[in-house]
1. Could you give me the residue pairs with C-beta distances under 6 Å whose first residue belongs to region 9-22 and is under 15 Å from ILE54 (Cα atoms) and without any contact (Cβ under 8 Å) to a residue 40 or more places away in the chain, whose second residue is in a helix (DSSP H, G or I) and among the acidic types (Asp, Glu) wherever it lies, and which are 6+ apart or on separate chains?
2. Tally the residues that are farther than 19 Å from TYR135 by Cβ and out of contact with any helix residue (DSSP H, G or I) (no Cβ under 6 Å at 6 or more places or on another chain), restricting the search to region 30-45.
3. Say we look at region 206-230 and pick out the residues that are crowded, with 18+ Cβ neighbours inside 10 Å and closer than 16 Å to CYS173 by Cβ; which of these is modelled with the lowest pLDDT?
4. Is it the case that some residue within region 176-189 is modelled with pLDDT of 95 or more and either surrounded by fewer than 19 Cβ atoms within 10 Å (Cβ to Cβ) or closer than 17 Å to ASN130 by Cβ (or both)?
5. Given the conditions (1) at negative phi; (2) more than 15 Å from the chain's Cα centre (by Cα); (3) buried (at least 21 other Cβ atoms within 10 Å of the Cβ), and given that ALA38 satisfies all but one, which numbered condition is not satisfied?
6. Hey, any hits in region 41-62 for a residue that's under 12 Å from the mean Cα position of the chain (by Cα), over 24 Å from PRO98 (Cβ atoms) and not polar (S, T, N, Q)?
7. Restricting the search to region 73-92, which residues are touching a helix residue (DSSP H, G or I) at 6+ places or on another chain (Cβ under 7 Å) and crowded, with 24+ Cβ neighbours inside 10 Å?
8. Which ones in region 106-119 are more than 15 Å from the chain's Cα centre (by Cα) and outside any loop (DSSP other than H, G, I, E, B)?
Amino acid sequence: MNWSGENTLRYSRNILVEEVGEAGQERLFASSVLVVGAGGLGSPALLYLAAAGIGRLGVIDDDRVDVTNLNRQVIHQADAVGRWKADSAAAALRAFRPDLAVDVFPEALTAANAAALFRRFDVIVDGSDNFSTKYLCNDAAVVTRRPLVHAGVLRFGGQLLTVVPGGGACLRCVIPRIPSRKDSPGCAEAGIVGAAAGVVGAWQAMEAIKLLSFAAPSPGGKLLTIDTLSNEVSCLTVVRDRSCPACGDHPRITEPLSSAEYDQERSCAG
């Protein structure tokens, strides 16, 4: 990278951070991140990843922008209602950073396409809006050995877990099976304060930036719970379950991933 002119100015505040520096910024430019879902979590994550200087971003989402999304899905403008979220997000990213490479996938993430898609990127950020897709992201990340930043958000808070295959626990180590619909109300039922999604989505971007710039040791194995109503953040160390069906010593979930493992019921809107 030629550190002169606009690039030096645009990323100078990143470079001044000792843990990042020019070497870390170079790694960010050379890296790629796939964001699953361009909703409440994916919106801030995408914007902050672009701002950090990630070289290539992918966005996959099979939904269209709805007016009810606009309290939290800040990457979409009012005139994007009815447009594919992946296309709307890509347009916003390119306007924000014209040199950014954006791969657009206006389609669902499925057991059939997840592994091949994940292998095209260095890190995966899960901003999906349902538990079946979240577990699919987890399983595909484990089988492809791609780091995954998982999160979920509802009402005033959320949780976050960075999964580093071979370096700690995965989502199934914490919750082995996909929660049922009756046990997991979504935003349409329980609601969400938009800024809560912003906090958690930005934290996801920070985890990806640390992974890619080598600014900090592997953040895997820490389950964060964030409550913006009480201003409480808790961090629980989780360990790999050797009997985990995904990352255990004798995993049951392997390639090719089976669609029977995942239902498509939306339950936890991001």
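1. ILE15/GLU22
2. Looking only at that region, the number is 3.
3. Applying the filter and picking the extreme gives PRO219.
4. No: zero hits.
5. (2)
6. So far as region 41-62 goes, yes, one or more of its residues are under 12 Å from the mean Cα position of the chain (by Cα), over 24 Å from PRO98 (Cβ atoms) and not polar (S, T, N, Q).
7. Result: GLN73, ILE75, SER88, ALA89.
8. Hits for region 106-119 are ALA115, ALA116.
The values are calculated or read from the model by the stated rules, or taken from the named source; none is laboratory data. Since the structure is predicted, the reported quantities are computational estimates derived from the model, not experimental observations. Glycine gets a Cβ as well: all are built from the backbone with ideal geometry, and neighbour counts include every protein chain shown.
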